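See below for the structure under consideration.
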């Protein structure tokens, strides 16, 4: 995957957001049914979490641009990857924020968060189709790409399973690491074994945050490709690209 | 057998590509690839014009205000929903 080196930027910008989410959930579990009395504490962490999403949005925008340029050219772009058009970035911040709000508002409906995740995926996929800043246009573009809901829904399903697989693999990797390190003299393996258990809530939350961070580059790349394919089918660009490939080969 | 396609501007030259925007046939001189897609000179100029043209100031203000509102409400709803769910357990 030619955009792979840029995934490091995406991961670096996603880490603060994902780990603040983990801290928020940890605090929520800590206060439990008394959460309503700890609004100040939870509100402070929620504010930080939502503020850190702006950094994550920038990383996602750069990565989505790099994915699109890599697909078009067959190799990773250089500094050009950083030059995300202002209109595209602003549109993505708008639609991404709407996805965050929609996701939280519809948490209790169970189906709502799934729709919000689909919307968030299409928001990053269609980001660069926004050539001018507008409040309405980015939502119209997303709506146009959500006519065939089967593919975005299938992507949500596939990536949900992928998160579970990555979660299990991370847990196994930590276990393996402790087992290997126990061979080194002076390493307190029992202490680490006690920390890396399913009973440790913080460890489980960190594993979940780690799984989300690892999955994110693939999630964004899948949506950029989906939007490009959908656009190509509408314009006949895929056929022209195919002719071009044939001409190069001959 | 049909004759090979010709460039829309230079009829004596064979077509090399087709403009993605207006579907005009183009020779090698007329065809320009921009971000992996073939364009003719006029469509490329139009596209560039769209990109370079500044968005209205009010649109920027609107997008910033809506984004900030969504994020502010997002943080509030995050706490309210979490507290509500936590109170059930």
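The values are calculated or read from the model by the stated rules, or taken from the named source; none is laboratory data. Note that this is a predicted model, so its numbers are computed, not measured. Here the Cβ positions follow ideal geometry from the backbone for every residue, glycine too, while neighbour counts run over all protein chains shown.
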Restricting region A:70-81 to residues that are free of Cβ contacts under 8 Å to residues at least 60 places away in the same chain and out of contact with any helix residue (DSSP H, G or I) (no Cβ under 6 Å at 6 or more places or on another chain), the one surrounded by the fewest Cβ atoms within 10 Å (Cβ to Cβ) turns out to be A:79
Exactly one of A:20, A:10, A:42 is at negative phi, within 10 Å of chain B (Cβ to nearest Cβ) and either assigned to a helix (DSSP H, G or I) or modelled with pLDDT of 90 or more (or both), and that residue is A:42
Exactly one of A:194, A:211 is modelled with pLDDT under 85 and part of a helix (DSSP H, G or I), and that residue is A:194
By residue number, the members of region A:50-89 that are under 15 Å from the mean Cα position of the chain (by Cα) and within 10 Å of chain B (Cβ to nearest Cβ) are A:50, A:53, A:54, A:57
Worksheet item: within 10 Å of another protein chain (Cβ to nearest Cβ) and free of Cβ contacts under 8 Å to residues at least 12 places away in the same chain - does that describe any residue in region A:137-150?
Response: no
Considering region B:70-89, residues that are more than 7 Å from chain A (Cβ to nearest Cβ) and farther than 13 Å from residue A:33 by Cα, and then whichever is surrounded by the fewest Cβ atoms within 10 Å (Cβ to Cβ), we arrive at B:72
For this session: Looking only at region A:165-175, decide whether some residue is under 22 Å from residue A:119 (Cα atoms) and under 20 Å from the mean Cα position of the chain (by Cα).
Result: no
